[in-house]
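Okay, structure first, notes after.
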Amino acid sequence: MTTRSTKAMILAAGRGERMRPLTDLTPKPLLEVAGKPLMQWPMEALAAGGFTELVVNTAWLGDQIAARFGKRHGATRIVYSHEGRDFGGALETAGGIVRVLPMLGAVFWVVAGDVFAPDFTFTQEAVRRFAASGRLAHLWLVPNPPHNPQGDFGIAPDGSALSECAQKHTFSTIALYRAELFRAPHCDIEPGNPRGTKAALAPLLREAMKTGHVSAELYTGRWADVGTPERLAELNQESG
């Protein structure tokens, strides 16, 4: 495969309930850290790695996101999946990915638009390694933050991701996926998700982990799940 043709998806459809009242009038991915909307950080990091074809899903106040970035941001070309407009609300992560799967290709990046990871680099080599691995997903995990002390997944000595283990880390939301994970027999949502089925990602990942189809590695750079107004204020103070 040509890694430079690899596309990416930024998840930007969430309501951001814990961020209220900031998200009452502004979608969470447009809240700013260090003078930039949260989702602009991964957009620019992807572009720096040569990944300039982007799909963005929206729901809550999604028209603001499309108005802010349009169809092009610098070298990046953007296509939108307006879940709120089409189905009245967000489809959750797996549902949203299945909806746009035809736009994403065989292998693609996914990252949430409301996490702050300014040190993460999206590399062509990571895509090449993943494509050659035959796995269905590769996850970047981070040390557990205070709000998730038990973590989500572990890492086996051979790099396989584990759903059950003694030492777990937190899923950063940054990952590479193979389209097969979101098709039968792994996923039972109709292709293109025409009915707007809501589906979480974690159950798909856990099932794939049972058969060794998911790998993971630990990322130790700066990372924050910007979940509260207080955390947003802290990040802006630290970055100021």
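Just in the range 142-240: which trypsin sites (Lys or Arg not before Pro) are loop by DSSP and have at most 15 other Cβ atoms within 10 Å? The partial results should precede the final answer.
Values: sites: 168, 178, 183, 195, 198, 206, 210, 222, 231; in loops: 168, 183, 195, 198, 222.
Hits after loop and neighbour filter: 183, 195, 222.
Report the extension gain between residue 190 and residue 82 in nm, rounded to one decimal, defined as 0.36 nm multiplied by the number of residues separating them, less their alpha carbon distance. Working shown, then result.
Numbers: separation 108, 0.36 × 108 = 38.88 nm, distance 1.81 nm.
Value of the extension gain: 37.1 nm.
Normalised by the residues of the range 121-240, what does the relative contact order come to in percent, with Cα pairs under 8 Å and at least six apart?
This gives 33 percent for the range 121-240.
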Original post:
When the chain is treated as a GNM, springs tying every alpha-carbon pair under 10 Å, which of 35, 151, 113 comes out with the largest mean-square fluctuation?
Top reply: 35
**OP:** May I ask which of 7/36; 71/168; 71/210 have a Cα-Cα span longer than 30 Å here?
**Re:** 71/168; 71/210
Subject >> Leading residue at positive end of dipole, the range 1-88 (Cβ point charges), from 51, 21, 78 >> reply: 51
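How much space per residue, in cubic angstrom, does the convex hull of the C-alpha atoms of the chain take up?
Working: hull volume 28.4 nm³, N = 240.
Residue-normalised Cα hull volume stands at 118 Å³.
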Original post:
Which distance in nm do the two modelled labels at residue 75 and residue 132 give, with both placed 7 Å along the Cα-to-Cβ direction?
Top reply: 2.4
Subject >> Value in Å of the Kirkwood radius, where the range 1-83 supplies the Cα pairs that are averaged >> reply: 13.1
**OP:** Work out the length of the dipole vector of the chain about its Cα centre, built from +1 on the beta-carbon of each Lys and Arg and -1 on the beta-carbon of each Asp and Glu, and round it to the nearest 20 debye.
**Re:** 560
**OP:** Averaging sequence separations of C-alpha pairs under 8 Å and six or more residues apart, then dividing by the length of the range 3-239, give the relative contact order as a whole percent.
**Re:** 25
**OP:** Please check which bits of the range 127-150 a label hung off residue 167 would reach, taking the label as a point 7 Å along Cα-to-C-beta and the cut-off as backbone N under 16 Å.
**Re:** 141-145, 150
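Every number here is computed from the coordinates shown, using simple stated rules; none is lab data. Remember, predicted model here, so these are calculated numbers, not experimental data. With ideal geometry, Cβ positions are generated from the backbone for all residues, glycine too; neighbour counts draw on all protein chains shown.
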